[in-house]
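Asks: Have a look at the structure that comes next, please.
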Amino acid sequence: MSSTTAPGTELRSMDRRPQDREAHRVILSRYRGSTIEYYDFLLYASASALVAPHVFFQDLDPVAGVIASYGTFAAGYLARPLGGAIFGHFGDKLGRKKMFIPPMFVMGIGSTLIGLIPSSASIGSWGAILLILLRVFQGIPASAGVHFGVVKF
């Protein structure tokens, strides 16, 4: 018969120095994940204002094009609670350590695919539709880093 311990018991049973080291390691991992997440989102924010209106919303008034491109930016943020529920569930079930990298990988795939979308001159309004769908795809795993960095002592 194998014995199981309650979550967080291993950390509480450690000496203070290894416990501090583990806490620092978790905090550093959380910081790195958040940095990647926010870099990805902020990179898109600057592209929303500078590039997207000219590439995906050419038929609109320039001001309306900027507003529409920021709407696609908002789509990524609106998808974050869904991602928190999905990746948070699997993080609790499988372990946060195992679920730390997959969301970052999915965000990278979304970013790459956004860069490969043809302009509206090539495929018309499908470019904007694909952009919104990929922003949601990119936004779903974005909140996962927030949930996996929590340390319970």
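The values are calculated or read from the model by the stated rules, or taken from the named source; none is laboratory data. As the structure is a computational prediction, the values presented were derived from the model and not from experiment. Ideal geometry is used to build each Cβ from the backbone, glycine not excepted, and the neighbour counts take in all protein chains shown. The accessibility values were calculated without ligands, DNA or RNA, using every heavy atom of the protein model including side chains. Shrake-Rupley method; radii C 1.70, N 1.55, O 1.52, S 1.80 Å.
Asks: Within the range 116-136, which residues have the backbone N less than 15 Å from the label spot 7 Å out from Ala64 along Cα→beta-carbon, could you tell me?
Replies: Taking a point 7 Å out along Cα→Cβ of Ala64, the residues of the range 116-136 whose backbone N falls under 15 Å are 125.
Asks: Using a 10 Å cut-off on Cβ atoms, rank the peptides 15-26, 89-100 from the highest mean neighbour count down.
Replies: Final packing ranking: 89-100, 15-26.
Asks: Taking only protein heavy atoms into account and a 1.4 Å probe, give the accessible area per residue of the range 97-146 in Å².
Replies: 49 Å²
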